[in-house]
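None of the figures in this text is laboratory data; all of them are computed from the coordinates on show. Computed from a prediction, not measured in an experiment: that's the story for all the values here. With ideal geometry, Cβ positions are generated from the backbone for all residues, glycine too; neighbour counts draw on all protein chains shown.
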Amino acid sequence: MSLKNKLILLIFSIGILPALIIGLVSIQNTSAALEKQSFEQIQTLRSIKAKQTTQHFIDTQNNIETLADNLSLLIEKQGLETAIVEVDPYGQSLFSRYIARHNYDDLFLLDLEGYCFYSVTQQDDCQTNLISGKYKDSGLGEVVQKTIAHSRYHMSDLAPLSPKKGASAAFIAAPVAVQGEVVVILAMQVSAASIGHIIAERSGLAGMGEADEAETLAAIAVLQTTMLTIAGIGAVLVALLAIIFADIIAKPMHILTNLIGKVAHTGDLSIRYQHLSNDETGQAGSALNMLLERQQQTISQINSLMGAVALGDFAARIQMTSNGDFKHLEQTINQSMSALEQAVQEVTRVAWAMSDGDLTQAMSNDLEGDLYNLALALKCISISVEGIVDDVRSIAKHPEQFGETVGVVGEAGVSAKQAAKLHDLMKFFNTNAEDPSKAKPKLMSQSEEIKRLIADLNG
């Protein structure tokens, strides 16, 4: 993966991940807050409904107990039968009017033995015993039995009227006492519709629970859509910015990389990085330019030094301000040049001494390697020439012996040409016998001829 792609991925990740995290956390927190608010509102609604239901049952108890008190007065004043049969001009009895006004399904009157002797609607429960009859296990039978046993108000749960009828109903019962003595049991069938009406009642709340829940869900949906839209737009913007900034950052690095590659392939140290700036890339380019400049100067000085050596100038040196490996290279080359200059100076000194007839000079022993071999070879030459000079001195001191030798050799088969050369040589030695040093220059020029003649004479 290229540097540009890495930078795009990095910038995009840095830009989008925090936004996504913040967005998700915000959505979660907001949703939780809305859900909590909705839940609290629903709980409030349920509490209100529960209070309404409880109040309804309290009102129901108050109603039956009030009716029981009124019936007690009627029984005491007119008798029970009169209260039952008396009707109004519309043909309704006291009990039928009461259940119609207060929304009850039926009203029952039972004796203390549990026998139901009156029912407004004349249901199947009427004319049966609710303690021992077939409806003893019904909701009406349960509430009648408890009221007779405890002489106080009771209410049953919602339950089927009978095993054969699936409809559910609730029953309430209260004792009717005359002068403190229970004479009859009053029971009523509570309308299931009235209880359901309370539960379904929306008066003053206008469906607040359902509306709140719907509004909460809608708000959450809108929030999620908004956040997703913002996140999408943000992702596109971050991606564009990532591409732009990655190109800004990576372009100088790409140029720098190409420049280094060009130097590596062409070996041209005159190439320079031109996009200088104050940032890290610009500083790297400046450092590279300094490195290339130093390398170019070093190689240029080395080339100049080699050119000077080629012209015989061994005094040239590298002169530059450097450090590190460049400093070490400078010192090594200059030391090599110093050693070479010393060797050349030694060879020159010994050669000039030999040309002046001084064969005692020798090169310094500080030389090493091939320079040492050169000094050794020059010393061998000096020793050889010195031996020849010694022979010349010996001949110069005893010329008669050498002349006799020449005569004998001539008789032994030495050629006339060789005899002539020996004669000239003897004449030269006899002439310079008093000061053999005057013969050194000429002797040095004729050393090879002397060596050859002496070899012929001795061999």
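Going by average Cβ neighbours within 10 Å, how do the peptides 298-310, 128-140 rank, with the highest at the top? Mind showing how you got there, number by number?
Values: 298-310: 13.7, 128-140: 19.8.
Most protected by this proxy first, the peptides run 128-140, 298-310.
Set the bar at 31 Å for Cα to Cα. Now go through Lys77/Lys146; Lys262/Lys327; Lys51/Lys77 and name every pair that lies beyond it. Display every interim value, and only then the final one.
Numbers: Lys77/Lys146 28 Å; Lys262/Lys327 26 Å; Lys51/Lys77 38 Å.
Flagged as over cut-off: Lys51/Lys77.
Given a Förster radius of 45 Å and the C-beta distance between Gln78 and Phe39 as r, what FRET efficiency does 1/(1 + (r/R0)^6) yield to the nearest 0.05? Computed FRET efficiency for Gln78 and Phe39: 0.20.
Test of understanding: what is the full-extension gain from Met306 to Glu86, defined as 0.36 nm times their sequence separation minus their Cα-Cα distance?
Numbers: separation 220, 0.36 × 220 = 79.20 nm, distance 14.85 nm.
Gain on extension, Met306 to Glu86, equals 64.4 nm.
Projecting the Cα atoms of Leu71, Ser156, Tyr118 onto the dipole axis of region 53-200, where Lys and Arg carry +1 and Asp and Glu carry -1 at the beta carbon, places Ser156 farthest toward the positive end.
What shape does region 53-200 have by the C-alpha gyration tensor, where a ≥ b ≥ c are the square roots of the eigenvalues, rounded means a/c under 1.5, and otherwise prolate means a/b greater than b/c and oblate the rest? Don't skip to the answer; put the middle values down first.
Details: a/c = 1.41, a/b = 1.21, b/c = 1.17.
Because its axes are fairly even, with a/c under 1.5, region 53-200 counts as rounded.
Please work out how much length the chain gains when fully extended from Ser47 to Ala287, using 0.36 nm per residue of separation minus the C-alpha to C-alpha distance, in nm with one decimal. Intermediate results must be reported in sequence, preceding the final value.
Working: separation 240, 0.36 × 240 = 86.40 nm, distance 7.94 nm.
Length gained, Ser47 through Ala287: 78.5 nm.
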